[in-house]
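I have placed the structure first, in the form of structure tokens, so that the comments after it can refer back to it.
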Amino acid sequence: MKKILVPCDFSKPAIGAFRIALDLAAKTRGTVTLLNILEFPAISNPLMATASGYEHELIRELQSKVRRDYEKLINRYTARGVTVKTEVLPGTVAYMITDYSRRKGMDIIVMGTHGATGLREAVMGSNAEKVVRRASVPVLTVKKYSKRPVRNIVFPNTLETDKQADLVKKVSELQTFFKAKLHVLYVNTPTNFTADDVTHERLKAFASRYKLRNYTLNVYNYPFEEAGILHFANRIKADLVAMGTHGRQGLAHFLNGSLAEDIVNHANFPIWTYAMKS
């Protein structure tokens with residue numbers, strides 16, 4: 001986690017994400033890059049077609065304001081020895097974040113989120129959800145800053161052993177970084193039920209195949225998978241949930257959704273996600 005990207009709109013969750021990124025960078029002697037996206041609605045009125053000069057001037061003014069706000073934020077929170085870079089770019093928020101991360105070779109995106117529920121979630125979702133769906137690097141989403149150390153990581157899993165080598169490698173690296181205990185979790189639901197003894201054997205095989213260390217194996221019976229993950233994580237006082245996502249987009253996302261994105265929208269604790277390779 002040497003190169004850390006923090007999308008920053010100066011909201012409380014974004015500032016919390018910045019402070020967490022600084023803590024991570026202090027451990028790795030890494031660099032934190034703050035990225036602010038200036039998102040403008042498309043101008044559809046033909047009478048405004050000649051307003052491009054005005055738009056450029058407005059962008060310059062907004063960029064200057066963001067840079068002043070950056071300076072205040074950096075002066076307030078940045079510890080000695082941590083390098084912070086800044087960017088201000090026009091564009092669409094979720095697209096620009098993932099595109100910038102890819103082009104600059106970031107190791108992780110640390111992003112604040114308010115979450116999304118109800119109609120807003122169904123129609124628009126949250127920017128964090130969209131970044132989780134599109135990002136090619138791990139994304140750590142947070143709702144607030146906490147100094148609490150990461151000691152317990154919940155790793156929900158479907159136990160498909162032939163498709164998860166890259167994901168498990170990343171999760172194991174995360175566990176090693178925090179020196180944490182890993183709690184591998186299978187949520188048993190009525191619509192996808194298997195006997196506990198069968199699932200325990202599958203959990204053991206999974207742990208053996210990937211040579212997991214310092215872990216527990218858990219079967220949790222609950223009506224719905226998302227609620228089961230959240231309930232289990234709260235019950236053991238987890239500090240972090242680590243999940244793989246298939247990064248579905250378009251019609252596939254509409255039809256199947258994403259469990260990881262739903263968790264990001266609804267959880268009150270940090271969520272680490274990584275797009276699984278097909």
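The values are calculated or read from the model by the stated rules, or taken from the named source; none is laboratory data. What you see is a predicted model; the values in this text were computed from it and never measured. Cβ atoms come from the backbone with ideal geometry, glycine included; neighbour counts cover every protein chain shown.
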In the set D162, D197, the lone residue that is part of a helix (DSSP H, G or I) and acidic (D, E) is D197
Take region 124-176 and flag every residue that is closer than 17 Å to M276 by Cα, small (G, A, S) and surrounded by fewer than 20 Cβ atoms within 10 Å (Cβ to Cβ).
S136, A165, S172
Among what's in region 73-98 and is part of a helix (DSSP H, G or I) and touching a Lys or Arg at 6+ places or on another chain (Cβ under 9 Å), pick the residue that is nearest to L35 (Cα to Cα).
I97
Which residue pairs have Cβ atoms under 7 Å apart, sit 6 or more places apart or on different chains, and have a first residue in region 165-178 that is farther than 12 Å from I153 by Cα and in contact (Cβ under 8 Å) with a residue 60 or more places away in the chain and a second that is surrounded by 18 or more Cβ atoms within 10 Å (Cβ to Cβ) and of a type outside the set (A, V, I, L, M, F, W, C)?
L167/G244; L167/Y274; K170/P138; K170/Y274
T189 touching an Asp or Glu at 6+ places or on another chain (Cβ under 7 Å) and surrounded by fewer than 18 Cβ atoms within 10 Å (Cβ to Cβ):
yes
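Pick from region 27-52 the residues that are within 21 Å of T113 (Cα to Cα) and assigned to a loop (DSSP other than H, G, I, E, B): which of them is modelled with the highest pLDDT?
Filtering region 27-52 for residues within 21 Å of T113 (Cα to Cα) gives 32-40.
From the residues that got through so far, the ones that are assigned to a loop (DSSP other than H, G, I, E, B) too are 39-40.
Details: E39: 83, F40: 71.
So the residue we want is E39.
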Tally up the residues in region 200-222 that are free of Cβ contacts under 8 Å to residues at least 12 places away in the same chain and either outside the structural domain of N234 (by TED's automatic domain parsing) or in a helix (DSSP H, G or I) (or both), please.
2
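What residue, of L5, L24, is in contact with a helix residue (DSSP H, G or I) (Cβ under 9 Å, 6 or more places away or on another chain), assigned to a helix (DSSP H, G or I), under 23 Å from K130 (Cβ atoms) and at pLDDT 90 or above?
On the way: L5 fails: assigned to a helix (DSSP H, G or I).
Selected residue: L24, the only one of L5, L24 that is in contact with a helix residue (DSSP H, G or I) (Cβ under 9 Å, 6 or more places away or on another chain), assigned to a helix (DSSP H, G or I), under 23 Å from K130 (Cβ atoms) and at pLDDT 90 or above.
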Conditions first: (1) acidic (D, E); (2) free of Cβ contacts under 8 Å to residues at least 24 places away in the same chain; (3) touching a strand residue (DSSP E or B) at 6+ places or on another chain (Cβ under 9 Å). D162 passes all but one, so which condition is the exception?
(3)
Is there a residue in region 59-73 that is loosely packed, with under 13 Cβ neighbours inside 10 Å, over 24 Å from A26 (Cβ atoms) and at pLDDT below 90?
yes
